[in-house]
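Notes follow once the structure below has been shown.
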Amino acid sequence: MAEHDGEDRTITAEGLRRTFGAVPAVDGVDLHIPGGRIFGFLGPNGAGKSTLVKILTTILDPTAGKATVAGYDVQRQGGKVREAIGVALQDVGLDPLMTARELLVLQSQLFGKSGEEARQKAERLLVTVGLDDVDPKKRAGAYSGGMKRRLDLALALVNDPRILFLDEPTTGLDPASRVGIWEEVRRLNEELGMTIFLTTQYLEEADRLADEIAIIDKGKIVARGTPDELKREVGDEVVELQFAQCEEAAQAYDALAGIAPNRQASGHDVRLYFGRAAENVPELVRALDGAGIRLQGLTIEQPSLDDVFLRVTGQALEHEVDGAGDATAGPPAPDGLASGEPARDAALAAANEEVTP
Amino acid sequence: MSDILLLIGRSLRNALRQPATIIPNIAISVFFLFVYNGGLNSVAKLPGFQGSYLGFILPVSIVSAAVGGAGLAGQTLIKDIDNGYFTKLLLTPTRRLAVIWGPMIASAIILTAQVVLVMFIALLMGLKVAAGPGGFVLVVVLAFFWGMAFAGYAAFMALKTKNAAAAQAATFAFFPLIFLSYTFVPKQYVTTGWLKVAATINPTTYVFDAMRSLLNTGWDASSLGIGFAVTLGFATLTGAMALWAARGATKLAS
């Protein structure tokens with residue numbers, strides 16, 4: 001365990017496991033996150049991201065294994081952990097009857113600040129999250145989804161945390177609000193050296209923010225590295241072939257086995273991974289012609305985290321959504337977004353009940 | 001400032017922002033006082049009745065206010081749980097005791113204010129407190145702890161059921177206790193055997209006795225001792241139950 005000298009910003013986990021009934025939500029997770037990093041935890045709904053955050057933030061006890069946050073054991077030194085961290089969970093936690101200032105002042109005071117210090121902190125944080133020009137009498141219950149999320153982020157910052165946990169901080173936000181949160185997260189990390197533990201189901205978010213990414217699927221970490229390292233593992237370049245019918249894509253997938261052993265099919269598309277894509281394009285076209293499969297489009301691009309995700313989990317992850325302004329209305333879940341296991345989904349739903357009394 | 005004081009203040013402020021959660025309970029207490037006193041005050045003419053019927057029936061109004069008002073603590077907790085603020089509080093270094101007892105004490109303070117109001121109305125109606133101003137204060141103190149006892153029960157039910165309607169219904173389950181006692185006539189006039197048994201095992205009886213002694217007959221160490229012991233015992237029990245429910249439900253490491 002890391003020594004804690006008051007400035008420890010690390011997160012560690014060894015064999016961390018949490019089951020709900022017989023279903024493992026987190027299944028043997030090992031972590032060592034150095035201080036001052038932005039660590040992205042990527043996975044679909046039901047993968048175990050939120051359960052892991054709840055364990056690391058002391059809300060939920062693990063079934064087995066151990067974890068330290070800021071050098072403190074999450075089970076034995078929960079109070080110390082909570083003093084060192086800020087947490088914005090997936091569901092915002094606001095009292096709708098209170099104003100933003102009241103919430104921030106109370107939260108600061110609960111972290112031991114005096115009334116005057118708390119009021120000054122509240123004003124600074126309102127500026128930080130861009131809520132300083134909102135009517136001071138407006139209660140949190142009347143805020144829009146994006147405003148609530150920004151206020152929730154401000155509440156997570158009242159104690160100047162060394163480590164900030166953000167559980168899907170931009171889910172359901174409109175693109176402008178999302179970019180605003182990203183900029184703030186980046187600033188907190190760069191200017192204050194805050195370790196950021198960020199879970200997300202958005203590839204773009206992980207790609208743009210995280211220094212290092214872990215992909216979690218069915219409670220296990222299935223890939224880990226920097227975004228570039230992960231992308232390089234699938235190949236240097238990608239040829240994406242588009243077809244009018246899914247059946248044609250499936251036929252193409254089979255027909256191109258000899259030319260591109262490293263390939264993936266998803267819906268109407270087939271993605272082929274090469275060291276140098278352009279050299280292989282003529283042969284690809286000839287092979288498809290020969291098999292009587294009509295190609296609708298072809299593009300060459302760099303691998304994305306989507307390719308990584310598809311490769312390590314066998315399923316596509318949620319893509320970016322546009323114009324989702326309602327925080328409660330998340331993007332529609334495509335096939336494969338849920339865990340795909342009804343028993344696991346039911347157990348994880350029960351887990352949320354158990355955690356939040 | 002102590003975390004518990006901060007959270008009591010927050011609950012009180014929120015309650016004042018929603019007067020609809022308080023006013024019906026006050027109205028019902030006053031209604032009971034007027035109706036029972038107006039309709040049954042001839043009981044005071046029975047031979048051997050000590051003091052006024054107003055002093056006899058006022059504790060019924062106070063205790064019913066405690067049962068009705070207790071729901072406020074449960075409702076506050078359930079709303080906090082539903083909107084995620086409960087978890088936000090648990091993520092601070094705040095003691096769990098403060099998170100649970102803050103709404104409970106606020107609920108008992110609101111009840112106490114109601115009781116003072118109802119007692120002043122009773123004074124205007126002609127109540128003479130046999131034990132004097134000190135007796136008046138002790139009735140209020142007793143009401144506060146009785147309110148804490150019911151608030152603890154409401155908080156326990158809220159944390160266990162996590163359902164506003166179920167928690168409210170659970171507090172109403174205590175209403176029969178008010179009537180399974182020497183509610184409308186003194187003990188010596190009750191002849192029904194089963195009611196005597198029910199009244200003897202019903203803790204409400206001893207709260208009535210303590211309040212009635214202060215209001216109608218003066219200082220009675222025995223009634224007061226038993227009344228306070230029952231009330232404080234009940235409050236301790238339900239307060240501990242609420243904390244236990246919170247510990248079990250949150251799985252929070254200490």
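Summary table
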| read-out | value |
| --- | --- |
| Cα-based Rg and Dmax for region A:236-302, where Dmax is the largest Cα-Cα distance (Å) | 10.4, 29 |
| Calculated FRET value between A:LYS138 and B:VAL116, using beta carbons and R₀ = 41 Å, to 0.05 | 0.75 |
| Karplus-derived HN-Hα couplings along region B:8-17 (A = 6.51, B = -1.76, C = 1.60, θ = phi - 60°), whole Hz, x at Gly and Pro | 5, x, 5, 5, 5, 4, 5, 5, 5, 7 |
| Between 0 and 90°, nearest 10: helix A:281-290 axis offset from chain A longest Cα axis | 60 degrees |
| Residues B:LYS187 and A:ASP160, FRET efficiency given R0 of 41 Å [Cβ-Cβ distance, rounded to 0.05] | 0.05 |
| Theoretical gain in end-to-end length, A:GLU7 to A:VAL127 [0.36 nm per residue, Cα-Cα removed] | 40.6 nm |
| Per-pair calculated FRET efficiency, R0 = 60 Å: A:GLU190 and B:MET125 via Cβ, rounded to 0.05 | 0.30 |
| HN-Hα J in Hz across region A:249-259 - Karplus 6.51, -1.76, 1.60, θ = phi - 60°, x for Gly and Pro | 4, 5, 5, 5, 4, 6, 5, 9, 4, x, 8 |
| Relative exposure of A:MET98, B:MET241, B:MET148, judged by other C-beta atoms within 10 Å (fewest first) | B:MET241, A:MET98, B:MET148 |
| 19 Å cut-off, amide nitrogen to a point 7 angstrom out along A:ASP61 Cα→Cβ, residues in region B:211-250 | B:241-250 |
| Choice from A:LEU209, A:LEU295, A:LEU230 showing the highest fluctuation, given a GNM over chain A with Cα pairs closer than 10 Å | A:LEU295 |
| Spacing of the two label points (7 Å from each Cα toward its C-beta) at A:HIS32 and B:PHE175, in nm | 6.4 nm |
| Cα-projected label distance for A:ASP236 with B:ASP82, points at 7 Å along beta-carbon direction, nm | 6.0 nm |
| Those lysines that a straight Cα-Cα span of less than 16 Å connects to A:LYS231, excepting residues fewer than 8 apart in one chain | none |
| Tilt relative to chain A, helix A:175-192 - C-alpha long axis, 0 to 90 degrees, to 10 | 60 degrees |
| Relative contact order for chain A, counting Cα pairs under 8 Å that sit 6 or more residues apart, in percent | 21 percent |
| A:ILE259 versus A:ARG294: modelled label distance in nm, points set 7 Å from Cα along the beta carbon direction | 1.9 nm |
| The protein assembly as shown, Cα convex hull volume normalised per residue, Å³ | 183 Å³ |
| Which of A:ASP254, A:ASP73 has the fewest Cβ neighbours within 10 Å, and the rest in rising order | A:ASP254, A:ASP73 |
| 10 Å Cβ neighbours from other chains, averaged over peptide B:88-101 | 6 |
| Cα-based radius of gyration of region B:3-250 once divided by 2.2 N^0.38 Å, which approximates compact folds | 1.03 |
| Region A:124-266 - percent relative contact order, Cα under 8 Å, separation 6 or more | 14 percent |
| Value at 222 nm in deg cm²/dmol, rounded to 500, when DSSP H runs of n ≥ 4 in chain B each add -39,500 (n - 2.57) | -25500 deg cm²/dmol |
| Computed helical MRE - 222 nm, chain A, DSSP H runs ≥ 4 contributing -39500 (n - 2.57), nearest 500 | -11000 deg cm²/dmol |
| Mean separation of Cα contacts under 8 Å (6+ apart) over length of region B:3-250, as relative contact order % | 26 percent |
| Value of Rg/Rh across region A:18-101 [Cα atoms, Kirkwood radius] | 0.99 |
| 0 to 90° range, to nearest 10: angle between helix B:203-212 axis and chain B longest Cα axis | 60 degrees |
| Extension reserve of the A:CYS246-A:GLU183 stretch, reckoned as 0.36 nm per residue once the Cα distance is removed | 18.8 nm |
| Set A:LYS113/A:LYS148; A:LYS49/B:LYS88; A:LYS138/B:LYS88; A:LYS54/B:LYS79; A:LYS121/A:LYS148; A:LYS49/A:LYS121 screened for pairs whose C-alpha atoms are more than 28 Å apart | A:LYS49/A:LYS121 |
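Since every read-out is calculated from the coordinates, none of them should be taken as a lab result. For clarity, every value in this text was computed on a predicted model and none was experimentally measured. All Cβ positions, glycine included, derive from the backbone under ideal geometry; neighbour counts span all protein chains shown.
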